[in-house]
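Okay, structure first, notes after.
The values are calculated or read from the model by the stated rules, or taken from the named source; none is laboratory data. Only a predicted model underlies this, so the values are computations on that prediction, with no experimental measurement involved. The accessibility values were calculated without ligands, DNA or RNA, using every heavy atom of the protein model including side chains. Shrake-Rupley method; radii C 1.70, N 1.55, O 1.52, S 1.80 Å.
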Amino acid sequence: MKTTPNPLAYSTPALPEGAKFKISPSAFAKFVTAPHNWYRSEVLKENPFTHSTSTVIGTIVHYCAEMVSKNEMVDKGAIEDYINGFDLHDDYDPEVVRVQYPMMAEELVNSYVLEHDMFEAETQHMLDIGDGYYAGGTLDRLEGAVDDAMIVDYKTYHSKTTPKTIPANYKYQLLTYASILRNKGYNPTRIRLVYVNRNINGGLSEKTGKPLKSYPPTVTVLTETITEEDFDFIEGLMELCIDSLEATEKYPELTAVIWHDPRLKE
């Protein structure tokens, strides 16, 4: 009997037959900041991450935003199946997910999704960058137009401190997408993070017994313009990534040197 895949299940653009490797924009920041960790996780597939309370909340909130963007119904049954589909461990509490995601999704939808026009949502983009190497992934949202596009990414977080700038790791992710899009005929000019935080109930002070400040879900929008220097930077790093992978294949005895990790010595 054929089963219908859960709409929240992670999917990624399929690699063409004979392709060597795909650079994932969401993981590429790790190549920039910690290449040895990137090599271990992306190439050797060591210690694969599965799930946590935060990632499951994030996926559900993304899904709700996608459905509303496309004028489609949110499937609450599929969400519940998704929540129940993960093993319990110290970093995963399904009850926290059930409490948090409705408030966060509602805030994101009402304060941002319904207030801004888009021309693509959750679209997959793949770029052949030569010699069997590809870069690709799934974009949350594109706003503006093909000739003046803004790349929008939703982020969920759990903190009382409101984000003030786009962190470097997220910027590298969005710039990788920008490079992919530009080489496919788009003109990406801006990147934007749309944050939504968890509800934080302040509770009562142990000293005074008085209510402490609570922090309901709130949307924070951060936007930056993409420069030619940004494109040069990220595209140069993608070239370096490919060169490093090719050198590793050609000179395996130098793997530890290439990836700056003595544990990789044969």
(Q) Could you give the length gained by full extension between His116 and Tyr157, i.e. 0.36 nm per residue of separation minus their alpha carbon distance, to one decimal place? (A) 12.6 nm
Q. What's the lysine pair count for the stretch 112-266 at a Cα cut-off below 20 Å, pairs eight or more apart or interchain?
A. 6
Q.
Using Stokes-Einstein with the Kirkwood hydrodynamic radius over Cα pairs, what translational diffusion coefficient do you get for the stretch 1-105 at 10 °C and a viscosity of 1.306 mPa s, in µm²/s rounded to a whole number?
A. 99
Q) Once the Cα atoms of the chain are picked out, what are the Rg and Dmax in Å? A) 20.4, 67
(Q) Suppose the Debye formula is applied to equal point scatterers at every Cα of the stretch 212-266; what is log10 I(q)/I(0) at q = 0.16, 0.19, 0.30 Å⁻¹? (A) -0.67, -0.75, -1.10
Q: Please report the base-10 log of the normalised intensity I(q)/I(0) for the stretch 52-133, using a Debye sum with one equal scatterer per alpha carbon and no solvent, at each q in 0.18 (1/Å).
A: -0.80
Q: For every helix of n ≥ 4 consecutive DSSP H residues, a contribution of -39,500 (n - 2.57) applies; sum these over the chain, divide by its total residues, and give [θ] at 222 nm rounded to the nearest 500 deg cm²/dmol.
A: -11500 deg cm²/dmol
Q: Whole number please: convex hull volume per residue, Cα atoms of the stretch 100-221, in Å³.
A: 125
Q. Given a 1.4 Å probe and every protein chain left where it sits, what share in percent of the accessible area of the chain is carbon and sulfur?
A. 51
Q. With every protein chain left in place, what is the accessible area per residue of the stretch 115-266 in square angstrom, probe 1.4 Å?
A. 53
